[in-house]
1. Roughly what angle does helix 480-490 make with the longest principal axis of the chain, taking Cα atoms, 0 to 90 degrees, to the nearest 10?
2. Non-local amide H neighbours of Leu379 (under 5 Å, H modeled in plane, Pro and chain starts lacking H): which ones?
3. So who's got an amide H within less than 5 Å of the one on Gly70, skipping anything under 5 residues away but keeping other chains? H placed 1.01 Å off N, in plane.
4. Restricting to DSSP H runs of at least four residues, report the calculated mean residue ellipticity at 222 nm for the chain, -39500 (n - 2.57) per run over all residues, nearest 500 deg cm²/dmol.
5. At a Förster distance of 22 Å, what's the computed FRET efficiency of Asp282 paired with Ala221, Cβ-Cβ distance as r, to 0.05?
6. Taking 0.36 nm per residue of sequence separation and subtracting the Cα-Cα distance, how much length would be gained by fully extending the chain between Thr443 and Arg351, in nm to one decimal?
7. What nm distance separates the two modelled labels at Asp271 and Asn559, each placed 7 Å from Cα along Cα→Cβ?
8. Classify the range 273-324 from the C-alpha gyration tensor, please: rounded if a/c falls under 1.5, else prolate or oblate depending on whether a/b exceeds b/c.
Amino acid sequence: MKPVKIVVMLLVVVLVSSVGVYFVESITTPIIEDRRAQEIEEALQSIFPAIDGTTDTVTSDTDVDFGTTGITDVLVIRDGDDNVKGYVYTMTFRGFSSEIIYLVGIDAAGAITGYQTLQQNDTAGYGAQIADEENWTQFTGMSIETAGNGDFDGLAGATVTTNAWKSSFETLFNFHLDTYGYTPMTDEQLLLQKKQTLVGNDLTIESYTPDLAPGDYGITAVDVATDGTDNQAVIYTVEFVGYNATGSNTYLIAFDLATNEVLGGTALSSDDTEGFGALILDNANWADFPGMSLEDAEDGNFDGIAGATVTTLAWKQSLVDVGMFHRVEFLGETPRTVESLSELLFPGADRFTNVTSEKPFGTMIEGVYDVFDDLGAKLGTVYHVQTIGASYAELTTIEFLIGIDTADNFTGFYMLDDSETPGRADAFYADDYGDTIEGVAITDDYELDAVGGSTITYNVITAAIDEVVHYHQTKYILLPERIMDALAEAYPGAVSFESVYSDYDFDATINNLYAAKDGSDAVIGYVYYATATGYSGNIIEFMWGVDNSGVAQQLYIMNDTQSWDDATYAGYDGAFGTDFNTSTWLDLFEGVTFQSILDTEVIDAAGVSTTTGGMKVSLERIAQYHADQNVGGAS
């Protein structure tokens with residue numbers, strides 16, 4: 001009988017407990033519901049700030065079926081004329097370890113007016129972050145469609161809760177669209193919304209016309225955010241090429257004009273590899289930007305995209321360009337351009353004349369500018385130099401300007417641009433960095449100040465300056481008149497000549513390559529300005545023309561270092577003349593096709609084989625170059 005008694009007693013306990021729970025629930029449930037209703041009422045003004053407490057009405061829509069959406073209520077806000085102003089949803093979803101309830105307001109145009117988490121009991125430091133207000137503010141102004149697509153910041157380290165949160169917004173968006181509908185935002189409206197999110201809804205965004213050309217800095221649009229009196233912030237739309245060379249990435253970045261700190265940034269589009277460079281679209285990759293200084297943005301002091309080194313470096317370099325633009329346009333700093341820095345190298349200059357095309361080609365030299373005062377007297381020359389940078393991981397470049405006066409003294413050094421590891425080349429940009437070589441003769445020992453931590457970059461720059469000095473002493477001194485006269489000798493039928501070497505690859509034999517033009521400016525052929533090694537190691541300079549059909553024109557020797565008048569002792573019979581400059585041996589390379597020179601070897605001249613052999617090597621190399629580079633179509 002004892003077991004039966006125990007069973008009966010347990011049954012009684014269970015019945016009593018059940019009844020007790022029922023009565024407790026019957027008492028507490030209304031209390032909880034009343035408290036939640038009170039919380040919703042208190043939150044309503046912040047969720048939907050446009051509510052007018054005098055004329056607007058707020059009613060619960062009891063005619064809709066929420067089904068299994070997780071939506072437990074929707075309040076409809078109407079104005080005094082019974083027009084719908086918006087909606088406030090109460091939404092429930094399951095997080096990692098608790099039920100989570102939130103409110104979200106949506107206006108009639110589908111923009112979120114506010115968000116608030118009402119209840120959660122998720123893991124502290126993880127899912128519980130959903131209760132932190134800093135995770136709510138991102139929604140204000142965001143399209144419900146954007147939120148429904150999950151395009152908002154999740155909770156760090158709380159993948160399960162974040163995924164459920166985003167899924168709940170997707171469900172809410174679909175319900176809202178199916179039940180109430182709205183006109184989705186246009187691309188222009190969505191872009192404006194993203195800009196507004198960066199600067200806040202209290203400011204008005206207006207297009208801005210800068211003095212600088214923004215396209216030179218990778219910037220496609222500039223907007224300012226104003227309070228109606230003053231511009232408070234600037235928003236840049238930026239484009240750069242990442243790993244995918246045939247596509248681009250675009251992003252927005254906003255700066256506070258009072259502090260020059262970053263207000264925020266977000267990617268708009270990416271053509272890079274999914275799962276790698278395209279991860280720039282993930283808002284998590286922009287988490288470091290709010291509050292970042294302009295200097296930190298320029299130095300790339302933020303986490304890049306994991307596994308996407310090329311795109312990350314290109315992204316960081318684009319911010320260097322944005323910083324440069326911002327400093328000039330909004331901070332009034334001197335623009336770092338060839339023109340502005342040239343004026344610093346020669347403060348008394350009246351004009352700078354680009355003579356690059358008149359000079360022999362230099363591997364590192366992008367531009368050569370002769371400098372004159374207001375009376376036309378020459379003051380010196382500015383060299384624009386680009387050299388390979390110091391990075392071992394990828395190809396980087398360094399650009400700088402250096403001035404040399406007519407007495408062959410340096411007038412200074414200025415960095416123009418670089419794509420080095422962010423921050424590595426910063427010290428070289430100081431305005432007084434080049435002072436140590438100012439006034440020093442290029443023939444003396446000259447030395448820039450070393451920079452701690454940037455030894456390789458320093459070595460690259462000093463080596464490039466050595467190359468400029470060598471060029472200035474050996475090639476620059478070739479007068480344009482001499483070059484132009486020689487061009488006319490090599491292609492007598494041409495009226496003008498234009499250097500086109502920059503369109504083709506560099507070859508050590510070739511100093512320059514010119515397009516020969518007729519009176520109507522049509523290209524009728526080309527002239528190679530090149531060198532060969534002759535007797536005793538002397539350098540032979542020459543011009544060689546070729547027309548558009550590939551037939552060689554005149555071969556004109558520009559120097560007379562190869563004297564043949566005493567070459568008979570070496571066995572030369574004088575068959576081609578005693579003056580190399582006018583030797584009939586040169587005629588073997590005129591009136592024939594470049595291809596025939598490659599197909600059939602031209603004879604050497606016995607007794608002067610060093611001169612003729614050296615010329616043959618260079619001429620055959622030029623003929624091959626002409627074909628390989630498909631110069632002018634290379635018929």
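1. 70 degrees
2. Under 5 Å from the amide H of Leu379: Val371, Phe372, Asp373.
3. Amide H neighbours of Gly70: none.
4. Counting only the DSSP helices, I get -9500 deg cm²/dmol.
5. Between Asp282 and Ala221 the formula returns 0.45.
6. 30.5 nm
7. It works out to 4.8 nm between the two label points.
8. oblate
Bear in mind these aren't lab numbers, they're just calculated from the coordinates by the rules spelled out. These numbers come from a predicted model, not from an experiment. Methodologically, a virtual Cβ is constructed for each residue, glycine included, from the backbone with ideal geometry; neighbour enumeration extends over all protein chains shown.
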